[in-house]
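Structure first, commentary second.
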Amino acid sequence: MECDVLIIGAGPAGLAFARSLAGSGLSVVLAERQSRAALADPAYDGREIALTHRSVDTLQRLRVWQAIPAADIAPLREARVLNGHSRFALGFDTGATGADVLGYLVPNHRIREALFRGVEALPGIRVLANAAVASIYTDRRRARALLADGSEVQARLLVGADSRFSHVRDQLGIAASTNRLGKGMLVARMRHALPHHGIATEWFDHHQTMAMLPLNHGCSSAVITVPLGEAERLMTLDPAAFAADIQARYQHRLGAMQLEGTRHLYPLVTTWSRHFAARRAALIGDAAVGMHPVTAHGFNLGLSGQQLLADAVKAAVARGGDIGSDAVLRAYESAHRRAAWPLYAGTNALTRLFTDERAPARVARHVALRLAQGMPPVRSSVRRMLMAR
């Protein structure tokens, strides 16, 4: 099988990249180990994605945003950061921008569903489901992927979008810094008695981090980061005991709680690929950068990264150039690294500071929040990052 672009991995980044190439005249093959049924109707996985205005604009241009049910789109009106037992909160709102919201919260499975629907019927895009990749080879002229069923796909450009544990990255010989944090992120949708007013809270408590993300219909998504053993214990509690635990952990700020639906546990791992491109190949999404979830920028970064690669590829098509050339891939890599490194390094530094239980760190983070509150340029820069289009 031959095509212009082979994308391995039909997660959000891979699907968005395929959709971004629509109308370019390129033939695209999307290979995914999951079944077509799982792609068309993704299971609820507990994750709520905080989308910036720029990401929403991207999804609108891809005609994906319109396919997400309005009832699943929750406005994020304000964000607050809490530290330990202090009553002080660093707040972020829309300020004098005239906008109603900082961003939106949308279930991950709804985004994946809308992206797949936006891709499956497009001419020039072929989805290979149940297609595990056994090996990859690239040379100066083409990339080749041997699938587990013995078939082979050849392409002018190969794109790895197969998670932060990327098999494509390993096959290409690209090293990555991988940090297994020994903690688990447990996510669960909670119904609560008191209103959240559209306010998201990130609370760096001692020995745990808790986020409450405001959803529609009187619910919030509880995101609890604790040592992996503690997270596994929480998963074993019956629904009533679990709700009582989360209610107490959150110090009854939202009143009585009850569990809505299922709980999901994700071990925390961050990754940074030493390169985002190789001969005839590129990495996007978590295969390139696996972010810590504390600042909720992983999905947004992946979406902007695939757009950078799509723009570079389409520019090469427009000038009659080689879409898999070193020049095209170096331009993509340089642009994405410039955008990703400050977010990745800054998020990791923030996480280290706010999860360090030593006395000097506790004092330092309290001082840092106070200083940030008193420095409007700091809060304005965060606001611009969230609300830029």
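The values are calculated or read from the model by the stated rules, or taken from the named source; none is laboratory data. No experiment lies behind these values; they were computed from the predicted model shown. Counting neighbours? That spans all protein chains shown, and the Cβs are built from the backbone with ideal geometry, glycine included. Ligands, DNA and RNA are stripped out before the accessible areas are found, and what is left, the full protein with its side chains, is counted by its heavy atoms. Shrake-Rupley method; radii C 1.70, N 1.55, O 1.52, S 1.80 Å.
Points worth noting:
- Flag: Gly255 does not match the condition of being farther than 19 Å from Arg352 by Cα, free of Cβ contacts under 8 Å to residues at least 40 places away in the same chain and surrounded by fewer than 16 Cβ atoms within 10 Å (Cβ to Cβ).
- The residues in segment 89-123 that are among the aromatic types (Phe, Trp, Tyr) and touching an Asp or Glu at 6+ places or on another chain (Cβ under 8 Å) can be counted, and the count is 1.
- Some residue of segment 229-236 being open to solvent by 50 Å² or more (accessible area, probe 1.4 Å), in a helix (DSSP H, G or I), without any contact (Cβ under 8 Å) to a residue 12 or more places away in the chain and of a type in the set (D, E, K, R): yes
- The residues of segment 342-354 that are surrounded by fewer than 20 Cβ atoms within 10 Å (Cβ to Cβ) and touching a residue at least 60 places away in the same chain (Cβ under 8 Å) amount to a single one, Asn348.
- Residue in segment 155-176 that is in contact (Cβ under 8 Å) with a residue 12 or more places away in the chain, in contact with a strand residue (DSSP E or B) (Cβ under 6 Å, 6 or more places away or on another chain) and surrounded by fewer than 19 Cβ atoms within 10 Å (Cβ to Cβ) present: no
- Test for Gly103: is it exposed (fewer than 15 other Cβ atoms within 10 Å of the Cβ) and within 26 Å of Ala79 (Cβ to Cβ): no
- Residues within segment 12-23 that are modelled with pLDDT of 95 or more and not in a helix (DSSP H, G or I), tallied: 1
- Answer residue from segment 270-284, given it is open to solvent by less than 10 Å² (accessible area, probe 1.4 Å) and farther than 14 Å from Val328 by Cα and is farthest from the chain's Cα centre (by Cα) among those: Ser273
- Filtered residues of segment 205-225 (kept if over 22 Å from Asn108 (Cα atoms) and either open to solvent by less than 10 Å² (accessible area, probe 1.4 Å) or charged (D, E, K, R) (or both)): Asp205
- Of all residues making up segment 94-140, the number that are assigned to a loop (DSSP other than H, G, I, E, B) and touching a residue at least 60 places away in the same chain (Cβ under 8 Å): 14
- Thr262 closer than 27 Å to Tyr104 by Cα, surrounded by fewer than 19 Cβ atoms within 10 Å (Cβ to Cβ) and hydroxyl-bearing (Ser, Thr, Tyr): yes
- In segment 316-337, the residues that are of a type in the set (Ser, Thr, Tyr) reach residues that are assigned to a helix (DSSP H, G or I) with C-beta atoms within less than 8 angstrom, at least six apart or across chains, in these pairs: Ser325/Ala316; Tyr332/Leu308; Tyr332/Leu309; Tyr332/Ala312.
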